[in-house]
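Notes for the one structure printed next.
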Protein chains: 2
Amino acid sequence: MKCLIIAAGKGSRLLSRGDSKPLVPILGIPLIERVIRAAMEAGADEFFVVIGHQGERVRDFLAHLADRLAVRITPLVNDDWDKENGLSVLKARDVLLEPFLLLMADHLFDPNLIRPLTTLTLGDGEIALVVDGNTGNPLIDMEDVTRVKLEDDALPDSSEKSRSKKIIGIGKGLADFNGFDTGIFLCSPAIFKALEQSEEKDGDTSLSGAIRILAAEGRAKAILLDGFWIDVDDPAAFRRAEQVLLKRLRDKPNDGPVARYLNRPLSVRMSRYLVQRDVTPNQISLFSFLCSVLAAGLFMLGGYFFLIVGGVLAQFASIIDGCDGEVARLKYQSSDVGGWYDAVLDRYADAFLLFGLTWYLLVAEVSGGVLLIGFMAIIGSFMLSYTADKYDNLMSERVQAGGKAGLRMGRDVRVFLIFLGAISDMVLPVLVLIAVVMNLETLRRVKMALDGQH
Amino acid sequence: MKCLIIAAGKGSRLLSRGDSKPLVPILGIPLIERVIRAAMEAGADEFFVVIGHQGERVRDFLAHLADRLAVRITPLVNDDWDKENGLSVLKARDVLLEPFLLLMADHLFDPNLIRPLTTLTLGDGEIALVVDGNTGNPLIDMEDVTRVKLEDDALPDSSEKSRSKKIIGIGKGLADFNGFDTGIFLCSPAIFKALEQSEEKDGDTSLSGAIRILAAEGRAKAILLDGFWIDVDDPAAFRRAEQVLLKRLRDKPNDGPVARYLNRPLSVRMSRYLVQRDVTPNQISLFSFLCSVLAAGLFMLGGYFFLIVGGVLAQFASIIDGCDGEVARLKYQSSDVGGWYDAVLDRYADAFLLFGLTWYLLVAEVSGGVLLIGFMAIIGSFMLSYTADKYDNLMSERVQAGGKAGLRMGRDVRVFLIFLGAISDMVLPVLVLIAVVMNLETLRRVKMALDGQH
């Protein structure tokens with residue numbers, strides 16, 4: 001499906017962030033790139049971008065982006081970029097002869113808001129607009145948003161789905177409204193004729209003007225959807241958009257309690273800083289690993305002072321360890337190899353930390369019992385990770401079917417225990433706890449796997 | 001596809017192995033079960049088995065087998081089981097009205113020999129026989145095999161594939177022949193009429209007699225295939241069949257050098273014994289693991305004597321560790337859970353053995369260096385296993401594309417080094433070697449993964 005993106009305007013209210021609004025980076029990635037990536041994720045595979053203000057810079061950026069994403073991006077020039085946005089849409093009239101997606105370069109959104117449009121069949125001369133029916137949406141700037149009035153509930157004889165309604169009014173000033181224009185359209189080429197009619201009849205060259213023309217003929221329908229979208233129009237909206245993108249990083253169902261309530265809130269703040277810098281996720285993984293090695297080395301020096309410093313450093317490394325994945329997601333750099341690299345370094349880090357604690361105890365007093373406990377903590381901690389992947393595949397059905405979830409002492413809890421043990425000088429109890437819990441949980445998994453075999 | 005299996009005869013030459021030939025176990029599994037499993041693997045999904053001699057016992061076995069394999073198996077009784085085998089085929093004339101597979105209960109074969117028949121379209125009134133064109137096949141008893149004479153190379157106007165030829169003669173005594181009857185047929189119901197004609201015309205109630213009738217009319221074709229098959233007719237053939245099944249266990253491309261040349265030849269001999277006993281693969285895994293734990297315990301006792309005994313026991317455990325998979329394959333008990341269980345126990349066993357050796361050295365002299373080396377050997381050995389799975393997926397393409405294969409010091413080599421180190425009292429050098437090689441190889445994998453990322 002082809003996609004037209006309007007990126008011609010000046011965005012004067014965001015000038016503090018950069019001279020070209022489509023190129024303003026939000027958490028490290030320019031707005032226009034986020035829009036294109038979201039559309040690609042939803043199924044768009046060819047792009048036309050209307051450029052105007054700072055057109056050459058945007059054109060250069062798009063040429064490189066097209067290479068990086070291996071997708072066709074054709075720039076269309078609108079010299080009247082300081083006039084209404086309908087003129088930008090009209091620039092595409094000769095190249096878009098089939099239904100196409102229409103998006104705004106300064107609106108961010110969840111790909112799920114676009115996806116329903118890619119399978120929608122338009123009636124003759126129709127257009128469809130994704131409408132946000134949540135009139136209390138806190139992300140919306142009520143001064144600036146385009147308001148939409150939809151017809152009342154679909155009539156009983158309507159064959160359309162309940163989420164699809166007719167638009168009967170649209171405009172910024174609308175007093176009577178029940179939804180917001182998200183700037184996500186599926187257009188038939190009829191939009192071009194409507195734009196011309198709007199100009200001739202009302203002297204109105206805005207996109208909303210054309211929608212009003214189509215609405216008057218019953219040819220503008222709304223698709224009511226819930227989901228994240230935001231018009232990044234001024235610094236306040238920009239900050240709100242950043243906050244939403246960062247908040248989404250924290251919704252990781254696999255996070256353990258320490259990750260969820262302690263590590264993640266802190267790591268997200270660091271990631272917000274890191275995405276602005278030229279730092280790769282793998283470099284963050286390595287840095288976190290080196291902090292853990294240093295912490296283990298401090299443990300091995302012996303003495304309570306180094307024990308505390310090492311414990312704090314270990315916990316710091318555990319927090320940093322969340323940033324690699326966060327930065328990767330924010331900058332579209334997630335990869336299997338990156339995840340694997342992080343996991344391999346984590347295993348080494350775990351082993352070094354536990355070995356460091358064991359050494360710390362042995363320096364104070366040579367004891368076979370301590371050595372055995374340290375060994376069991378290391379092996380248990382490793383086995384928990386080793387069994388996890390395959391175990392999850394084998395067991396997920398059984399667990400969902402009502403089996404006990406088991407004690408999931410993940411890495412976040414493990415390192416936090418090490419931190420607590422170090423700062424309170426309760427190293428041996430922590431090693432015993434880790435050794436017992438990790439190996440018992442591994443045994444429990446083995447038993448569950450074998451029980452399920454027959 | 002339906003499948004008819006002839007299992008009525010007495011098998012007088014195998015009486016030493018059991019009173020009912022179809023129920024004679026070969027490496028723990030009755031002949032008839034092996035035939036049915038191979039046919040299922042090739043695509044057969046409903047079975048008719050002609051029983052006769054010891055019919056009630058075979059019927060009982062089949063009822064249980066049908067439950068176990070969740071497949072329909074219908075017994076058909078032939079009271080004339082001591083006469084020619086064509087009479088057994090005739091018992092199915094009322095139930096098989098479409099083309100069907102015809103197999104012998106005492107012929108073992110690779111499922112690949114059946115598979116081409118399941119997609120073959122027979123001409124009107126035709127039958128097809130899988131023919132072994134390897135007239136030097138060492139598995140064949142030349143006294144007893146049914147010989148086949150095929151027409152010369154297909155004529156240029158033939159539309160059939162070159163591997164399919166017409167049968168022009170068949171029989172045990174045939175002097176002029178160029179192939180062997182494997183006992184694997186695809187029959188149309190025309191076979192029943194041919195059997196009757198053969199009886200009326202020649203007084204011949206054998207299956208070969210019917211094939212001769214069809215061959216005379218150009219309606220018997222041969223599919224020439226290479227692959228394992230054997231007629232298990234007498235004790236000599238039985239031993240040959242056992243040897244082939246055991247030999248196939250040794251063709252594991254992932255086996256390291258110690259596994260291939262030392263462990264596997266020995267473990268296959270043990271497996272041959274174990275399949276006769278009521279021992280599950282998981283029990284073998286556990287036994288091997290306990291031997292390793294015992295070996296580690298002997299190391300920890302200290303002293304050269306226990307070191308040697310422990311080393312031998314560790315190597316013995318490593319050999320036994322091959323039997324779980326071998327028995328599973330021979331008895332159709334392979335499972336993901338079984339493989340996972342074995343891998344988890346192996347990781348624990350590795351760690352215990354290396355910890356035992358470290359302890360052995362520390363008992364003689366407390367040393368931080370030894371502790372560090374032991375720790376690095378344990379973690380390196382872990383990491384090699386941990387990185388392997390995902391690494392293999394990520395890297396297999398690159399490695400095949402010409403990258404270096406790297407040092408694959410698998411578990412077989414690792415335990416063998418432990419064995420050598422123990423019996424020669426060179427424990428420290430072995431720990432150093434394992435620590436260095438395992439961690440370097442892990443680092444190499446990490447580097448290769450990261451190099452491939454960009």
**OP:** Would you pull out the residues with amide H under 5 Å of A:V77's amide H, same chain only if 5 or more places away, H placed 1.01 Å from N?
**Re:** A:I51
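From the P(r) of segment B:65-224, could you give the percentage of C-alpha pairs in the tail past 27 Å?
Values: 2869 of 12720 pairs.
Cα-Cα pairs in segment B:65-224 separated by more than 27 Å: 23 percent.
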Original post:
Can you name the helices of chain A, as whole DSSP H runs, whose Cα span along the helix axis is 27 Å or more and whose Kyte-Doolittle mean is not below 0.5?
Top reply: A:281-301, A:336-364, A:368-400, A:427-451
Original post:
What nm distances, shortest first, do you get from the label point of A:H64 to those in the other copies when the point sits 7 angstrom along Cα to Cβ?
Top reply: 7.3
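Rounded to the nearest 0.05, what FRET efficiency do A:R260 and A:R59 have when you use their Cβ-Cβ distance and R0 = 51 Å? Walk me through the numbers before you get to the answer.
On the way: r = 44 Å, r/R0 = 0.86.
With a Förster radius of 51 Å, E is 0.70.
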Original post:
Cα to Cα, under 19 Å, and not fewer than 8 places away if on the same chain: which lysines meet these conditions relative to B:K201?
Top reply: B:K83, B:K193
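Under the classification rounded if a/c is under 1.5, otherwise prolate if a/b is larger than b/c and oblate if not, where does segment B:251-451 fall, given a ≥ b ≥ c as square roots of the Cα gyration tensor eigenvalues?
Numbers: a/c = 2.02, a/b = 1.06, b/c = 1.89.
Oblate shape, in that a/c is at least 1.5 and b/c is the bigger or equal ratio.
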**OP:** Output the pairs from A:K166/A:K252; A:K165/A:K252; A:K172/A:K221; B:K221/B:K247 with a Cα-Cα distance over 28 Å in this structure; if there are none, say none.
**Re:** A:K166/A:K252; A:K165/A:K252; B:K221/B:K247
Original post:
Ordered by residue, what ³J(HN,Hα) values in Hz, to whole numbers, does segment B:74-90 give under the Karplus form 6.51 cos²θ - 1.76 cosθ + 1.60, where θ = phi - 60° and Gly and Pro are x?
Top reply: 9, x, 10, 8, 10, 6, 8, 5, 8, 8, 5, 6, x, 5, 5, 4, 4
**OP:** Run through the other copies and list how far each one's label point is from that of B:Q453, in nm with one decimal, shortest first; the point sits 7 Å from Cα along Cα-Cβ.
**Re:** 3.7
**OP:** Check cross-link reach from B:K331 to the aspartates and glutamates: straight Cα distance under 16 Å, and skip same-chain residues fewer than eight apart.
**Re:** B:E33, B:E41, B:D110, B:E242, B:D278
**OP:** Pull out a ≥ b ≥ c, the square roots of the eigenvalues of the alpha-carbon gyration tensor of chain A, then state rounded if a/c is under 1.5, prolate if not and a/b is larger than b/c, and oblate in the remaining case.
**Re:** prolate
Subject >> Largest-first ellipsoid semi-axes for segment A:59-116, taking √(5λ) over the Cα gyration tensor eigenvalues, angstrom >> reply: 20, 17, 14
Original post:
Want the number for A:K193 to A:E41: 0.36 nm per residue separation, take away the alpha-carbon distance, what's left?
Top reply: 51.7 nm
Original post:
Expressed as a rounded percentage, what relative contact order does segment A:252-451 have, with Cα pairs under 8 Å and six or more residues apart?
Top reply: 28 percent
Subject >> Position A:P257, label points 7 Å along Cα→Cβ, spacing to each other copy in nm (shortest first, one decimal) >> reply: 5.3
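Mind putting a number on the dipole of the protein assembly as shown about its Cα centre? Charges go on the C-beta only, +1 for Lys and Arg and -1 for Asp and Glu, and I need it in Debye to the nearest 20. Don't jump to the answer; show the numbers that get you there.
Details: 100 positive and 116 negative charges, 438 e Å.
Computed about the Cα centre, the dipole is about 2100 debye.
Considering only DSSP beta bridges where both residues belong to the protein assembly as shown, give the percentage that are antiparallel (nearest 5). Kindly include the intermediate steps, with their values, before the conclusion.
Values: 44 of 88 bridges.
Percentage antiparallel, nearest 5: 50.
Where nothing but the Cβ of Lys and Arg (+1) and of Asp and Glu (-1) is charged, how large is the charge dipole of chain B around its Cα centre, in debye to the nearest 20? Mind dumping the intermediate values first?
Numbers: 50 positive and 58 negative charges, 272 e Å.
So the magnitude is around 1300 debye.
Looking at chain B, send over the antiparallel percent of its DSSP beta bridges, to the nearest 5. Don't jump to the answer; show the numbers that get you there.
Details: 22 of 44 bridges.
Expressed as a percentage, antiparallel bridges in chain B total about 50.
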**OP:** State whether the protein assembly as shown is rounded, prolate or oblate according to the following rule on the C-alpha gyration tensor (a ≥ b ≥ c being the square roots of its eigenvalues): a/c under 1.5 gives rounded; otherwise a/b larger than b/c gives prolate, and the remaining case gives oblate.
**Re:** oblate
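Give, in nm to one decimal, the length gained when the segment between B:E98 and B:L120 is fully stretched (0.36 nm per residue of separation minus the Cα-Cα distance).
6.6 nm
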**OP:** Name the residues whose placed amide hydrogens come within less than 5 Å of the amide hydrogen of A:V131, ignoring near sequence neighbours (fewer than 5 apart) on the same chain.
**Re:** A:I223, A:L224, A:L225
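Which percent, to the nearest 5, of DSSP beta bridges fully inside segment A:2-237 are antiparallel?
On the way: 22 of 44 bridges.
Here the share of antiparallel DSSP bridges comes out near 50 percent.
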Original post:
Under 5 Å between amide H atoms, partner at least 5 residues away or on a different chain: which partners does B:E46 have, H built in plane at 1.01 Å?
Top reply: B:C3
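Every read-out reported here was derived from the displayed coordinates using simple, explicitly stated rules and does not represent laboratory data. Small disclaimer: the values here were computed from a predicted structure and weren't measured. Here Cβ is always computed from backbone atoms with ideal geometry, including for glycine, and neighbour counts include all displayed protein chains.
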